Amino acid sequence: MVIHIKTQEIISILFGIVLVISGVYVLVYEPDWVTSVSGAMGGLIGAGVALILITFWQYRSRVSGELREDERDYRIAEKASFRTFQVTFILQGFLFAVLGIFTIQLPAQPVIGLLFAITGVSYVVFFYWYRNKM
Amino acid sequence: MENSLKVWRAKRDITQENLASSVGVTRQTINAIERGKYDPSLELAFRLAGFFECTIEDIFLYKGE
């Protein structure tokens, strides 16, 4: 069996493995310089696993020769990305202004985590909305 | 933009799936074009016209504002 894997896919898988190993390292050794072990571990392992799975999915699609996305999908993704940018940009601007006006001090990680989640959810919602519309 | 893609497809008696694979897009895209929900790129319009051996204007009708 011959495996036709691209250099870019190999790099993505290796980078994913490095992220997962880094997450496991943080979990096992709990280094002093890591303030939130669970947050860092979850982020690193989650990102690594996601990167590996996405790479394998793209590899399977390419090898099978089955067309799974085309110009319409790219157009939908383009619109969803732009709307997501608008939502997160406005939200971040609002948050920045509120925190500045009221001089509220918040820990960075939960705020970034919330913005991260809103970005993902916003993109998925807009993507499916445009997919139904177009 | 209006189009008569469904008519052309019926004339040739081919499925959306077959047309989609012939012009290099997904079946969902052909379906969206036929329902008038998606306007194809100029390149895809040319590929469709080439497939049916007609001009773009034979398939697509631009209705200005």
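The values are calculated or read from the model by the stated rules, or taken from the named source; none is laboratory data. Everything numeric in this text was worked out from a predicted model, so none of it was measured. All Cβ positions, even for glycine, are placed from backbone atoms using ideal geometry, and neighbour counts span all protein chains on display. SASA here: full protein model, heavy atoms, side chains in, ligands and nucleic acids out. Shrake-Rupley method; radii C 1.70, N 1.55, O 1.52, S 1.80 Å.
Does residue A:111 qualify as being open to solvent by less than 60 Å² (accessible area, probe 1.4 Å) and closer than 29 Å to residue B:26 by Cβ? So residue A:111 fails the test.
Residue selection: residue B:46 fails the criterion of being of a type in the set (Phe, Trp, Tyr) and surrounded by 15 or more Cβ atoms within 10 Å (Cβ to Cβ).
Looking across region A:68-95, the residues that are exposed (fewer than 15 other Cβ atoms within 10 Å of the Cβ), closer than 30 Å to residue B:27 by Cα and hydrophobic (A, V, I, L, M, F, W, C) come down to A:82, A:85.
The residues of region A:1-25 that are within 15 Å of residue A:50 (Cα to Cα) and either among the polar types (S, T, N, Q) or not in a helix (DSSP H, G or I) (or both), listed by number, are A:12, A:22. Restricting A:42, A:65 to residues that are away from every other protein chain (no Cβ under 14 Å) and either touching a residue at least 40 places away in the same chain (Cβ under 8 Å) or open to solvent by less than 70 Å² (accessible area, probe 1.4 Å) (or both) narrows the list to A:42.
Of A:49, A:34, A:18, which residue is out of contact with any Cys (no Cβ under 7 Å at 6 or more places or on another chain), β-branched (Val, Ile, Thr), surrounded by 14 or more Cβ atoms within 10 Å (Cβ to Cβ) and at pLDDT 95 or above? Of the residues listed, the single one that is out of contact with any Cys (no Cβ under 7 Å at 6 or more places or on another chain), β-branched (Val, Ile, Thr), surrounded by 14 or more Cβ atoms within 10 Å (Cβ to Cβ) and at pLDDT 95 or above is A:49. Within region A:72-93, residues that are more than 14 Å from chain B (Cβ to nearest Cβ) and hydrophobic (A, V, I, L, M, F, W, C) reach partners that are open to solvent by less than 90 Å² (accessible area, probe 1.4 Å) and in a helix (DSSP H, G or I) with beta carbons closer than 7 Å, at six or more positions or on different chains, in the pairs A:80/A:123; A:80/A:126; A:80/A:127; A:80/A:130; A:87/A:122; A:91/A:118. Of all the residues in region B:14-42, those that are open to solvent by 30 Å² or more (accessible area, probe 1.4 Å) and facing chain A (nearest Cβ under 8 Å) number 5. Kindly establish whether residue A:28 is in a helix (DSSP H, G or I), in contact (Cβ under 8 Å) with a residue 24 or more places away in the chain and surrounded by fewer than 15 Cβ atoms within 10 Å (Cβ to Cβ). No; evaluated as a whole, the condition is false for this residue.
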